[in-house]
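Before any comments, here is the structure.
Bear in mind that the values in this text are calculations on the coordinates, not laboratory data. Just so it is clear, the structure is predicted and the values come from calculations on it, not from any experiment. Because the Cβ atoms are built from the backbone with ideal geometry, glycine has one as well, and the counts that use them run over all protein chains shown.
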C-alpha cells in the first residue's frame, strides 16, 4: 500500500527497478504521450497554417507575435513546472497543464483578430510549458534510468509522427474553406480539444505516483520566477522580432539591457534561495549536470537550426509545398527513431550512456557539413542521405543527455533537473534559430544579386532584369517565397541559387555549434545510471521505506 500524489492509495505489482509492471507502464504512457503529442503537434501544425490564419484575420504584419507570445509563456513556465512538480507532485500539475492547454486551444479557435489570437496563444503556452517537462519527469519517477531507455522508442515514434502529421494536417485545414460550418484553419486549434480530453481521462485513471509527502517548510521562489520573467521576455521578444526591429535598434538595445538586469536579479535570487531555487545553484556544482546543461544549449542551436531550415530549403529551393516538405524530412525522422531505439536498447542492457551523445554530436557535425555543400541543383536523394545522418546524430543526443542529467542529481530534484535540461536546450534553440535566420536573410539579397550577375548571359534572365516590374517582384521574394514558383524556371534559378548559398552558410554555422557541443561532451564524466526509479529512491532517501515487494 502506498500514498499517491493525489491522496489515493494503491497496490501494484513491482518490477525489478520500480513499482510498476511493464503493462502498467505502457497504460500510463498512453496518457502521457497524448499530453506530449499535443505540444509536439501544435509546434508544426500552427507554423504550417499561420499565413492563412493571418490573411483571414487581416493581421499578416503582426503574425510573428502569435508565435512570440506562445514561445515566451511556454519557455518561462518550463522550470516553474519542474520545481512545483518536485514540491507538490506531478500528476495534478500535469492535469492542470493539459487543462490550460485545452482551454487556450479552444479560445484560439474563436479568435476574431490576430491580437486576440496572440493573447490566447500566450494562455496556451502556459499549459504547453508543462507538457514536455512533466512527462519526462514522470517517466523518471516511474522507472529507473536503465529501464527507462526501453521506452524511448515510443516517445521518438510520437515525435516522428507529429513532425510528419503536423504539416499534413495543418496544410489540410489551412486549405479547406469550411469543415462542419467552421472555418478550416480554426480546426488547427480545435483538434487539440478531443486529444486533450482523452489524455485527461487516461492520465486520471492510470497514473498513481507513489511519492513521499514533502517534509519541513516549503519555500516558493517567487523572486526567482519574477526575475526570470524580466530576463527572458525581452530576450525572447528580440529573438523573434529582431530581424524586423534591427538587432541594434533602440528597442532591441533596451530589451538587451532589461534582460541583463533580469538575469543578474535571477542569479542573485537563486543564490539566496539555495536548494529551494527554481534552478538550484548546486546543479552547476555537479560536473555531469554542468556539462549536460552547457551541451544542451549548444545542441539546441545545432538541432533546432538544422531542423527549422530543412523545410525552408525544401520549399524554397526545391519548390515543395509545406505538406510535401514535411514528407521530405522523413529520412531525418527515420534516423532519429532508429538511433533513439537502438541506443535505448543498448543503454538498457549495458547501463553505459556517455559515448552516445559524443558520437551523436559528431554525426550532427558531419551531417550539417554535408548539408553546407548542397546547391540549388543538388539531387534530393543526396540531401535526404544527409538528413538521415542528422537524424542518427540527434537521436543519440536527446534521450542520453536527459538520462545523464536525471541520474546525476538527487532523486528529489529530478523535476528540476529535467526542466533545466529542457529549458536550456529550448533557449539555445530559440536563440540559435533567431541568429541563423538573421544570417540567412541578411546574406540572401547579396547572394541572389551575385547569382543573377553570373547568369546574366541567359536571354530570359537578361530580359527579366530589364523589366522594372520584376525588380519589385524580386524585392518581395524574401517576404513571400511562393512567387518563385510562378516565375520562368530560368529566371527562378538564380533566386534559388542565392537562397541555397545563404543556407549553406547557415548550415556551416550550425555545424560549428555542433562541433562545440562535441568538444564540451568530451568533458562528460562517467555517470552510473540508477537501478531504481526516482520515486523509489526518493522514498528510501526520505526514510519512508522501500516499495512493497
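Over all directions, average the projected area of the Cα convex hull of segment 222-277 and note it in nm². Intermediate values should be presented prior to the final figure.
Details: hull surface 14.1 nm².
Taking the Cα atoms of segment 222-277, their convex hull projects to 3.5 nm² on average.
Normalised by the residues of segment 222-277, what does the relative contact order come to in percent, with Cα pairs under 8 Å and at least six apart?
Details: 50 pairs, mean separation 27.8, N = 56.
Taking the mean separation of contacting Cα pairs over the length of segment 222-277, I get 50 percent.
Once a ≥ b ≥ c are taken as the square roots of the eigenvalues of the Cα gyration tensor of segment 73-132, is the result rounded (a/c under 1.5), prolate (a/b larger than b/c) or oblate (a/b not larger than b/c)?
Working: a/c = 4.34, a/b = 2.16, b/c = 2.01.
Prolate.
Taking a ≥ b ≥ c as the square roots of the Cα gyration tensor eigenvalues, with a/c under 1.5 meaning rounded and otherwise prolate when a/b beats b/c, else oblate, which class fits segment 193-299? Mind dumping the intermediate values first?
On the way: a/c = 2.09, a/b = 1.38, b/c = 1.51.
Note, shape of segment 193-299 comes out oblate.
Please give the length that would be gained between residue 51 and residue 285 if that part of the chain were fully extended, namely 0.36 nm times their separation in residues minus their C-alpha to C-alpha distance (nm, one decimal). Intermediate values should be presented prior to the final figure.
Numbers: separation 234, 0.36 × 234 = 84.24 nm, distance 4.57 nm.
Gain on extension, residue 51 to residue 285, equals 79.7 nm.
Which length gain, in nm to one decimal place, applies between residue 380 and residue 519 when the Cα-Cα distance is subtracted from 0.36 nm times their residue separation?
46.9 nm
Can you classify segment 257-391 as rounded, prolate or oblate using the Cα gyration tensor, where a ≥ b ≥ c are the square roots of its eigenvalues, rounded means a/c under 1.5, and otherwise it's prolate if a/b beats b/c and oblate if not?
Working: a/c = 3.00, a/b = 1.62, b/c = 1.85.
It is oblate, given that a/c is not under 1.5 and a/b is not larger than b/c.
Please list 170-181, 501-512 highest first by mean number of surrounding beta-carbon atoms within 10 Å per residue. Present the calculation step by step, with values, prior to reporting the outcome.
On the way: 170-181: 15.0, 501-512: 21.7.
With the highest mean Cβ count within 10 Å placed first, the list reads 501-512, 170-181.
Once fully extended, how much extra length lies between residue 330 and residue 470, figured as 0.36 nm per residue of separation less the alpha-carbon to alpha-carbon distance?
Working: separation 140, 0.36 × 140 = 50.40 nm, distance 3.60 nm.
So the chain would gain 46.8 nm between residue 330 and residue 470.
For the chain, what is the calculated [θ] at 222 nm in deg cm²/dmol (nearest 500), taking -39500 (n - 2.57) for each run of four or more DSSP H residues and dividing by its residue count? Walk me through the numbers before you get to the answer.
On the way: 21 runs with 403 residues, N = 549.
The helix-only estimate for the chain comes to -25000 deg cm²/dmol at 222 nm.
Please work out which option in (1) 34.1, 116; (2) 40.9, 129; (3) 23.9, 83 gives Rg and Dmax of the Cα atoms in Å calculated from these coordinates, and answer with its label.
Derived directly from the coordinates: (3).
Per residue, what volume in Å³ does the Cα convex hull of segment 303-363 take up?
On the way: hull volume 5.0 nm³, N = 61.
So the per-residue hull volume is 83 Å³.
Say R0 is 30 Å: what FRET efficiency, to the nearest 0.05, do residue 87 and residue 43 get from their beta-carbon distance?
Result of the calculation: an efficiency of 0.60.
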